[in-house]
Amino acid sequence: MTATAAWGATAPESGLNPMTIDRRTLRDEDVAIDITYCGVCHSDLHVARNDWGRSIYPFVPGHEIVGTVRAVGAGVTRFKAGDRVAIGTVVDSCRRCDACDEGEENYCREGVTGTYNSKDRIDGTPTYGGYSAAIVVAEPYVLRVPDGLDMAAAAPLLCAGITTYSPLKNWKVGPGSKVGVIGLGGLGHMGVKFAKALGAQVTMITTSPAKGDDARLLGADHVLVSTDKAAMKAANRSFDFLLDTIPVQHDVTPYLMLLDRQGTLCLVGMIDMMPGFHSGLLLMGQKAVAGSGVGGIAQTQEMLDFCAEKGIVAEIEMIRIDEINHAYARMEKADVKYRFVIDMATL
Ligand SMILES: NC(=O)c1ccc[n+]([C@@H]2O[C@H](COP(=O)([O-])OP(=O)(O)OC[C@H]3O[C@@H](n4cnc5c(N)ncnc54)[C@H](OP(=O)(O)O)[C@@H]3O)[C@@H](O)[C@H]2O)c1
Ligand SMILES: [Zn+2]
Ligand SMILES: [Zn+2]
């Protein structure tokens, strides 16, 4: 065990504070990583506050992790000390179910081992996230950060990036697709960049008119303000695919009205009960409401390589670790442009 500096929560109302956690002694397949930057995902805030009712305390958030390999176990073949690596939301899975076999570890039938708020499959110890100096992860779950990608700006790709890339690929978004991305935050801004890079016609659908100029700079062809009833009506039945990143309960009816025949509204934001809607909105036009959760390890590597090829990274605001509670307060007010990243040198 190695005592490791971290920041975490001890109770739903505690906020985040400095603490010391144990990182395990290297197993044969393990990679020890010194963390240089960690992105701040809205899910970190949800779990710190026990919004989903399953938080284990003490809780150390952070699943958008980049860093440098410090040491490797005897059986590790793909990584060596000094390599630029990354960890996303998954650090282990059963490795034998059909989902794992098909590279969809994120949908493992036995349930994934999350980077945080899970239990290690071998010794049952809690998993702690990336708001810490170092992490130890089994080789199959370690990603490579391609040369040319800025490490800090690449960190958010590990959750916000793959969570938006995966559904866009799954629903075959490409040239000719009319895509709307709902909510311009961490996920949403990556959704706009990816949809554009895949060749789609992209509309940013936002509650914040002031974000319109930014949305265009990120690549959006159009901006639709969802509180503008006339504009929403004019956009009736004009989208093939909508990516909904809204982090709170919301009525999907106004968005379903935007779907064209055989269109899909894919939920990637709110992870909880959602209000109902009239089924006629789906029946009339063979429409679907779907969902998507992060992405598999192979697809995450594909996404990182795609980002290197296309020059895509997140728009980040770097913070010190002792600014994290303030950053959470700002994130709750949708006041982030567009992802906070913690500089771990400030730990
Ligand atoms: N599916 C997955 O695997 C997965 C992975 C990561 C995160 N998540 C979840 O995805 C959600 C978004 O995460 P994030 O990190 O992108 O959050 P974020 O950076 O806070 O962005 C959320 C955006 O949604 C919009 N929004 C906020 N409140 C709203 C409201 N009441 N009504 C309408 N729009 C609202 C805002 O954009 P505008 O100002 O443009 O309206 C806001 O910037 C979180 O709930 C997180 O837990 C899911
Ligand atoms: Zn996340
Ligand atoms: Zn599995």
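Miscellaneous remarks
- Per residue value of the accessible surface for the chain (all protein chains in place, 1.4 Å probe), Å²: 43
- Measuring nothing but protein heavy atoms, the accessible surface of the chain at 1.4 Å probe radius is 51 percent carbon and sulfur.
- Peptides 161-171, 276-286 ordered by average Cβ neighbours within 10 Å, highest first: 161-171, 276-286
- More than 20 angstrom apart: percent of Cα pairs within segment 227-313: 47
- Here segment 183-339 carries DSSP beta bridges of which approximately 0% are antiparallel, counting only pairs with both residues inside.
- Extension gain, Arg96 back to Thr2 (0.36 nm per residue minus Cα-Cα distance, nm): 30.8 nm
- Cα-based convex hull, segment 160-291, per residue volume (Å³, whole number): 94
- Interchain or long-range residues, amide H under 5 Å from Ala290's placed H: Leu265, Cys266, Leu267
- Since only Trp7, Met190, Pro58 are under comparison, the one whose Cα sits farthest along the positive direction of the charge dipole of the chain, derived from C-beta charges on Lys, Arg, Asp and Glu, is Met190.
- Phi-derived couplings, Karplus 6.51 cos²θ - 1.76 cosθ + 1.60 at θ = phi - 60°, listed residue by residue for segment 173-187: 5, x, x, x, 6, 9, 10, x, 10, 9, x, 9, x, x, 5 Hz, with x used for Gly and Pro.
- Label sites at Asp22 and Ala345, each approximated as a point 7 angstrom past Cα along Cα to Cβ, lie 3.2 nm apart.
- Largest-first ellipsoid semi-axes for the chain, taking √(5λ) over the Cα gyration tensor eigenvalues, angstrom: 34, 21, 19
- Residues of segment 328-346 falling in the label zone of Asp34, defined by backbone nitrogen less than 12 Å from a point 7 Å along Cα to beta-carbon, are 345.
- Using θ = phi - 60° and Karplus 6.51 cos²θ - 1.76 cosθ + 1.60, couplings along segment 126-139 (whole Hz; Gly, Pro as x): x, 8, 10, x, x, 6, 7, 6, 7, 8, 10, 9, 5, 3
- Residues whose amide H falls under 5 Å from that of Gly129, counting only those 5 or more places apart or on a different chain, are Val60, Asn117, with hydrogens built in the peptide plane.
- Our coupling estimate for segment 86-92, obtained by passing each phi through the Karplus curve with A = 6.51, B = -1.76, C = 1.60 and θ = phi - 60°, is 8, 10, x, 8, 10, 10, 5 Hz, Gly and Pro reported as x.
- Taken about its Cα centre, the chain carries a charge dipole of about 680 debye when Lys and Arg each add +1 at the Cβ and Asp and Glu each add -1 at the Cβ.
- Label zone (Asp83, point 7 Å along Cα-to-C-beta; backbone nitrogen cut-off 16 Å) within segment 8-48: 27-35.
- Taking all pairs of distinct alpha-carbon atoms in segment 1-117, Kirkwood radius in angstrom: 15.6
- Two-site FRET efficiency, Ala231 against Trp52, from Cβ-Cβ distance with R₀ of 45 Å, rounded to 0.05: 0.85
- Paramagnetic reach from Ala334 in segment 154-171 [backbone N under 11 Å; point 7 Å along Cα→Cβ]: none
- Order by protection proxy (mean Cβ within 10 Å, highest first), peptides 196-204, 257-265, 328-336: 196-204, 257-265, 328-336
- Estimated FRET transfer efficiency when R0 is 51 angstrom, pair Asp147-Phe277 (beta carbons, to 0.05): 0.65
- Here the simple spin-label model places points 7 Å from the Cα toward Cβ, and for Lys310 and Thr125 these points are separated by 3.9 nm.
The values are calculated or read from the model by the stated rules, or taken from the named source; none is laboratory data. The structure displayed is predicted, hence computed values, not measured ones. Cβ: placed from backbone, ideal geometry, glycine included. Neighbour counts: every protein chain shown. SASA here: full protein model, heavy atoms, side chains in, ligands and nucleic acids out. Shrake-Rupley method; radii C 1.70, N 1.55, O 1.52, S 1.80 Å.
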